[in-house]
Amino acid sequence: MILRNCKALINGKIEEVDILIEGERIKKVGKIIRGDESINIRKKIVIPAFIDVHVHLRDFKERHKETIETGTKAAISSGITTLIEMPNTEPSIDNMENLKKRISIINKKSYVDVGIFFKFTDKIEKDVEDVFGYKFYMDKPFSDETFIKSFELGKIVCYHAEDYKIIEENKKKFREHHKIRNCKAEVIAIQKVAKNALIKRKKVHICHISCSDSLKYLNEYTTCEVTPHHLLLNKEHYEEYGGIAKVNPPLKSKKDNIYLLEALKKGKIDIIASDHAPHSISEKESEDSPSGIPNLDVMAKIFLTLVKRNVISLYDLWRLYSRNPAEIFGIKEKGYLREGYYADMVVVDFDAKGKIDPDEFFSKAKYSPFEGFKYHGDVEIVFLRGKIVYYDGDIVEKRGRFIFRDF
Ligand code: NCD
Ligand code: ZN
């Protein structure tokens, strides 16, 4: 198949080209004379598809919150063709039996390519095959020995950086969620991770940074990510939305929003991720609302709007949500429009306009603190490994599979 008259983002620059797809891959980028089937892209922007490295797809015993099918449909509608999911499922992915079960459901039900982070526990002796790396939860009790061990394996470890001891101390003093999980809890955890990464010369990844102060402690061994809610929402939104905007780490101040956005533009933050964490609406509206915001349906609309409004550049969006995720986590032959790479691409419609409406979500979690957000820019066509899987609002093919890092 040939995509004609594309304005394609090649190595971060827009070029007017045709793209020839053969099988699952890009065969040629340039002027293509001959060929069979072709689509006229009419000078629309074509970019490498998005890669989201922080997703909770639930399923297993939490199918009322989300399933691999509904979660990955939400992903594909946002132009995300590849994601890595977190292991805090019920039961969690911390043993080979659950990992195998998970892989089997992914291969049967997924609409995008899905990899897994294995839960780091003291049971791990050597690198687990078939996963991209590990997730370490610092907001739950763990021993120093286990923590140190997490810097000694080959595959990358992603840290949920909120220190459980500080959280416990704060619980004695405060009732408000954002005071219990304050910036001190995040900063102390990040300091510990960054220090050990440096000592052990071990590359690590820090999930969902929420405080401007956290940025001071990063070093050459750390990469980090930020979510749309920590960039754009703050305590005022929590006051307005209540449980719907309750998340870990909690929303912080407007000042943190501004600093994080600046850091993002300056290249101090490596990755954008959704931290899609769906719960049922009744759970979210209950007195003891669980933390988590469902973001997969809104990712493209929000970030393409930031590009349209010149808040970030299209180059930034590619770097943060496609190239860096692929490079940092070793997702092979994705993240670029390049000959020989998988044809995972998004045709963008920068004229699409509207307001975010959770009733239209593919996710089971049909609520959002971004409800009403005026978007200007959306995904029009999505290609996953050479085939159209999403076209103008409709999912047209199920084409996901399990993927892993094999070293
Ligand atoms: C996550 C979830 O619900 O799985 N919630 C969240 O607020 N981010 C768990 C987590 O990442 O802490
Ligand atoms: Zn998390």
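This table checks each residue for (1) out of contact with any strand residue (DSSP E or B) (no Cβ under 7 Å at 6 or more places or on another chain); (2) within 16 Å of ligand 2 (Cβ to nearest atom); (3) within 30 Å of Ser253 (Cβ to Cβ).
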{"position": "Glu125", "(1), (2), (3)": "yes, no, no"}
{"position": "Asp139", "(1), (2), (3)": "no, yes, yes"}
{"position": "Gly154", "(1), (2), (3)": "yes, no, no"}
{"position": "Lys171", "(1), (2), (3)": "yes, no, yes"}
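Tyr111 fulfils the conditions (1) among the aromatic types (Phe, Trp, Tyr); (2) under 29 Å from Glu186 (Cα atoms); (3) buried (at least 24 other Cβ atoms within 10 Å of the Cβ) except for a single criterion, (2).
Within segment 236-252, residues that are without any contact (Cβ under 8 Å) to a residue 40 or more places away in the chain sit with their Cβ atoms under 8 Å from residues that are of a type in the set (D, E, K, R) and more than 11 Å from ligand 1 (Cβ to nearest atom), at 6+ positions apart or across chains, in these pairs: Glu236/Lys254. The listed residues are Lys366, Lys353, and the only one of them that is basic (Lys, Arg) and either under 30 Å from Val17 (Cβ atoms) or open to solvent by less than 30 Å² (accessible area, probe 1.4 Å) (or both) turns out to be Lys353. Across segment 284-293, the qualifying residues are those that are touching a residue at least 60 places away in the same chain (Cβ under 8 Å), within 10 Å of ligand 1 (Cβ to nearest atom) and at negative phi, and the one among them that is most open to solvent (accessible area, probe 1.4 Å) is Ser291. Considering segment 209-228, and only residues there that are in a loop (DSSP other than H, G, I, E, B) and within 16 Å of ligand 1 (Cβ to nearest atom), the residue that is nearest to Tyr375 (Cα to Cα) turns out to be Thr227. Taken over segment 154-185, the criterion of being within 30 Å of Arg405 (Cβ to Cβ) and within 13 Å of ligand 1 (Cβ to nearest atom) is satisfied by Cys158, Tyr159, His160, Ala161, Glu162, Tyr164.
Among the conditions (1) open to solvent by less than 10 Å² (accessible area, probe 1.4 Å); (2) over 28 Å from Gly242 (Cβ atoms); (3) not acidic (Asp, Glu), the only one that Asn310 does not satisfy is (1). For segment 82-108, a residue qualifies if it is open to solvent by 10 Å² or more (accessible area, probe 1.4 Å), in contact with a Pro (Cβ under 8 Å, 6 or more places away or on another chain) and not charged (D, E, K, R), and exactly one does: Asn98.
Only a single item in (1) of a type in the set (A, V, I, L, M); (2) open to solvent by 50 Å² or more (accessible area, probe 1.4 Å); (3) within 16 Å of ligand 2 (Cβ to nearest atom) is not met by Ala273, and it is number (2). Kindly indicate whether Lys135 is open to solvent by 10 Å² or more (accessible area, probe 1.4 Å) and of a type outside the set (Phe, Trp, Tyr). Judged against the criteria, Lys135 is not a match. Which residues, taken from segment 197-227, are out of contact with any strand residue (DSSP E or B) (no Cβ under 9 Å at 6 or more places or on another chain) and among the aliphatic types (A, V, I, L, M)? Across segment 197-227, the qualifying residue is only Ile199. Do we have any residue at all in segment 124-144 that's within 16 Å of ligand 1 (Cβ to nearest atom), charged (D, E, K, R), more than 30 Å from Ile388 (Cβ to Cβ) and part of a helix (DSSP H, G or I)? No, the conditions are met nowhere in segment 124-144.
From the list Ile244, Ile199, Ile206, Ile188, the one residue that fits, being more than 16 Å from ligand 1 (Cβ to nearest atom) and crowded, with 16+ Cβ neighbours inside 10 Å, is Ile188. For segment 83-123, the set of residues classified as free of Cβ contacts under 8 Å to residues at least 40 places away in the same chain, touching a helix residue (DSSP H, G or I) at 6+ places or on another chain (Cβ under 9 Å) and of a type in the set (Ser, Thr, Tyr) consists of Thr89, Ser92, Thr121, listed by residue number.
The values are calculated or read from the model by the stated rules, or taken from the named source; none is laboratory data. Please read these numbers as outputs of a predicted model, since none were measured by experiment. Heads up, the Cβs are rebuilt from the backbone with ideal geometry, glycines too, and the neighbour counts pull from every protein chain shown. For accessibility, only protein heavy atoms count, side chains too; no ligands or nucleic acids. Shrake-Rupley method; radii C 1.70, N 1.55, O 1.52, S 1.80 Å.
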